[in-house]
There are 2 protein chains.
Amino acid sequence: MKSETIWRCIIEYDGTEFAGWQIQPGQRTVQGAVEDSIARILGERVRVVAAGRTDAGVHALGQVISFSTASGMSTRKMLKAFNAVLPDDVTVVRIDEAPVGFDARYDACARTYRYTISHTRCSIGRSYKWRIRYPVSHELLAEATRPLVGKLDLRGFSKRNEDDDYRTIVYKNDWTFKENEMIFEITAIRFFHHTVRSIVGSAVEVARGKEKPDLLERIIITGDRSLAGPTAPACGLCLVHVEYEDTYYGK
Amino acid sequence: MKSETIWRCIIEYDGTEFAGWQIQPGQRTVQGAVEDSIARILGERVRVVAAGRTDAGVHALGQVISFSTASGMSTRKMLKAFNAVLPDDVTVVRIDEAPVGFDARYDACARTYRYTISHTRCSIGRSYKWRIRYPVSHELLAEATRPLVGKLDLRGFSKRNEDDDYRTIVYKNDWTFKENEMIFEITAIRFFHHTVRSIVGSAVEVARGKEKPDLLERIIITGDRSLAGPTAPACGLCLVHVEYEDTYYGK
């Protein structure tokens, strides 16, 4: 019997023309593109697991995936082969052999997402930002998201799905302000469906003066999703980094 | 008789889905998109002139255009109207009333183009870079383009067309090196067809060791286009700035 190799890859993708990570019949998905590439390279149909199941239109600079094959191909050759067959909008940045039993989703101990908002209309890079048309206060943005640290139940920011447990640990969040951009980064053990986009949408409602500065705190305390602002658009969101116990990977 | 207003606009565009600046029958062009917008806003069909007639796939952050209308609309209203009707991939960044007789093309006294090369495959932002697969020397890139300053005849770097005069003045050129990117900027009174892309293509041939470091000097001296390297792809090129006597504009 041949032994299996578990592969761990860091991948980058432009989510614009994908219906998200997860395979769906009749849709172009990142998981589908990666699994098709593996089938072409190794002649094997394998299931690929991702650290973050990003939605349609969401990008990734540092998504981590894992899969297991019987192939003994070298990592160097595998990396070359991947980027030769993948479509332009997906890139394998790095590939390693992972320890026995490794799973990109269950073993991830922190995920970092970045959300980019633009004050101004722009054409170059417009697929990577949410452009807002009203003035917002930088101070209020920072104040609004201040309560979002520590052990939290984020059901108030999450679209309900199969999962009933919305507890997580948020390690940090911060805003960076550039000339025309406001960039939010948040790191947590795990996120739920639409969580980051709902946090950003709520913070923007505060920062434009439509809601009180304690809005996000009230959503955390009550778990009441009806209090949250409109979910910010997918195009502004990017999965930038995933952390594992073995921090060598995912950097 | 109504007096005409001359408008001067700074525009940004993502050239990916345009067949260049200049109107061509049956093609989607930037000039066509801008003229269609004016027709929708003012009900007038006018001819728009651009400082740089960029090719298919070439981008602009600071293209300058001019046109003349009989409308007395305010600049503020005109800016809003433009960005309400233009497609996403064209943005009017600024609009001003220009002095009588102003022409964005003939009055421009310097144009700056930027060319971006990437060492690595990337998916995010891939429409704005030329990705090269071989190692190149930063030192040789800088050495190769050093002779490109001053009064020069650039016929050796230019695709021949109606214009027989290839003399220009290059004010400056320089390279910036980032982790994965090599960025070339060049400012000259005027450029010809494919000039910047041919300069970059030739410099890369030097920097990868296929040609001697004096290649660009020999092309300048001989005017022999057959010596030049392959023309670099359009997607890496961006018109970033146009200068006028009245330097207030185009900044």
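The values are calculated or read from the model by the stated rules, or taken from the named source; none is laboratory data. Nothing here was measured: the structure is a model prediction, and the numbers come from that model. With ideal geometry, Cβ positions are generated from the backbone for all residues, glycine too; neighbour counts draw on all protein chains shown. Please note that ligands, DNA and RNA were not included when accessible areas were found on the heavy atoms of the full protein model with its side chains. Shrake-Rupley method; radii C 1.70, N 1.55, O 1.52, S 1.80 Å.
Listed values, structure above:
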{"read-out": "Pseudo-label separations to other copies for residue B:212 - Cα-to-Cβ vector, 7 Å, nm", "value": "7.9"}
{"read-out": "Where Rh is the Kirkwood radius over Cα pairs, Rg/Rh for the stretch A:24-86", "value": "0.95"}
{"read-out": "Portion, in percent, of the accessible area of the stretch A:152-215 that falls on carbon or sulfur, probe 1.4 Å", "value": "44"}
{"read-out": "Between the stretch A:187-251 and the stretch B:44-92, the Cα center-to-center distance that results, in Å", "value": "37"}
{"read-out": "Residue (of A:150, B:61, B:141) at the positive-pole extreme of the protein assembly as shown, dipole from beta-carbon charges", "value": "B:61"}
{"read-out": "Heavy-atom accessible surface that B and A bury in contact, both chains counted, 1.4 Å, Å² to 100", "value": "1600"}
{"read-out": "Per residue Cα convex hull volume in Å³ - calculated over the stretch A:106-251", "value": "113"}
{"read-out": "For the stretch A:119-144, residues shielded by at least 10 square angstrom of accessible area compared with the chain on its own, probe 1.4 Å", "value": "A:121, A:122, A:123, A:124, A:125, A:126, A:128"}
{"read-out": "Residue A:17 versus residue B:245: modelled label distance in nm, points set 7 Å from Cα along the beta carbon direction", "value": "4.7"}
{"read-out": "Sequence-separation-based contact order of chain B, relative, with Cα cut under 8 Å and 6+ spacing, percent", "value": "23"}
{"read-out": "The stretch B:26-91 - accessible surface per residue (Å², probe 1.4 Å)", "value": "41"}
{"read-out": "With DNA, RNA and ligands ignored, accessible area of residue A:231 (1.4 Å probe; Å², nearest 10)", "value": "50"}
{"read-out": "Extension reserve of the residue B:139-residue B:174 stretch, reckoned as 0.36 nm per residue once the Cα distance is removed", "value": "11.4 nm"}
{"read-out": "Ordering of B:71-82, B:189-200, A:179-190 by burial proxy (mean other Cβ atoms within 10 Å per residue, highest first)", "value": "B:189-200, A:179-190, B:71-82"}
